[in-house]
Amino acid sequence: MADDLFKALADPTRRTILDELTERSGQTLFEICSRLSMKHRLSISRQGVSQHLAVLEAAGLVETRREGRYKFHDLNTAPLRQIAERWLVPHTSGPEDDTP
């Protein structure tokens, strides 16, 4: 799972999509494309954005839901917490406590 997550986060366009979903979760593909174009001046096709969203979804960072004919994309931060917790060590003593 971590490999998919790091791959998803490695691309700047995907990080921008995550930024947009952080700002407002539950966007359609059209809304995401519009915001990338107008706000970030990214010229990327709908198909390109859709492919980026598929990578983010495979990594668990984006979840989709259908309502009628619309597909909404929601941010899921749980995988990020799992990464952070993987390397966090309980803080028992500071570096100054280790010096003689």
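The values are calculated or read from the model by the stated rules, or taken from the named source; none is laboratory data. Everything numeric here is computed off the predicted structure, so don't read it as measured data. Positions of Cβ are generated from backbone atoms using ideal geometry, with glycine treated the same way; all protein chains shown enter the neighbour counts. Protein only, heavy atoms only, side chains kept; ligands, DNA and RNA dropped before computing areas. Shrake-Rupley method; radii C 1.70, N 1.55, O 1.52, S 1.80 Å.
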Residue hits (the range 32-47; open to solvent by less than 100 Å² (accessible area, probe 1.4 Å) and either out of contact with any helix residue (DSSP H, G or I) (no Cβ under 7 Å at 6 or more places or on another chain) or assigned to a helix (DSSP H, G or I) (or both)) are Ile32, Cys33, Ser34, Arg35, Leu36, Ser37, His40, Ser45
Among the residues that make up the range 52-71, is at least one of them assigned to a helix (DSSP H, G or I), under 13 Å from Ala8 (Cβ atoms) and small (Gly, Ala, Ser)? yes
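This table checks each residue for (1) modelled with pLDDT of 95 or more; (2) touching a Pro at 6+ places or on another chain (Cβ under 7 Å); (3) among the hydroxyl-bearing types (Ser, Thr, Tyr).
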{"site": "Asp3", "(1), (2), (3)": "no, no, no"}
{"site": "Thr13", "(1), (2), (3)": "yes, no, yes"}
{"site": "Glu63", "(1), (2), (3)": "yes, no, no"}
{"site": "Pro100", "(1), (2), (3)": "no, no, no"}
When Ser25 is evaluated against the numbered criteria (1) among the small types (Gly, Ala, Ser); (2) over 14 Å from the mean Cα position of the chain (by Cα); (3) surrounded by 14 or more Cβ atoms within 10 Å (Cβ to Cβ); (4) not in a helix (DSSP H, G or I), which criterion, by number, is the only one it fails? (2)
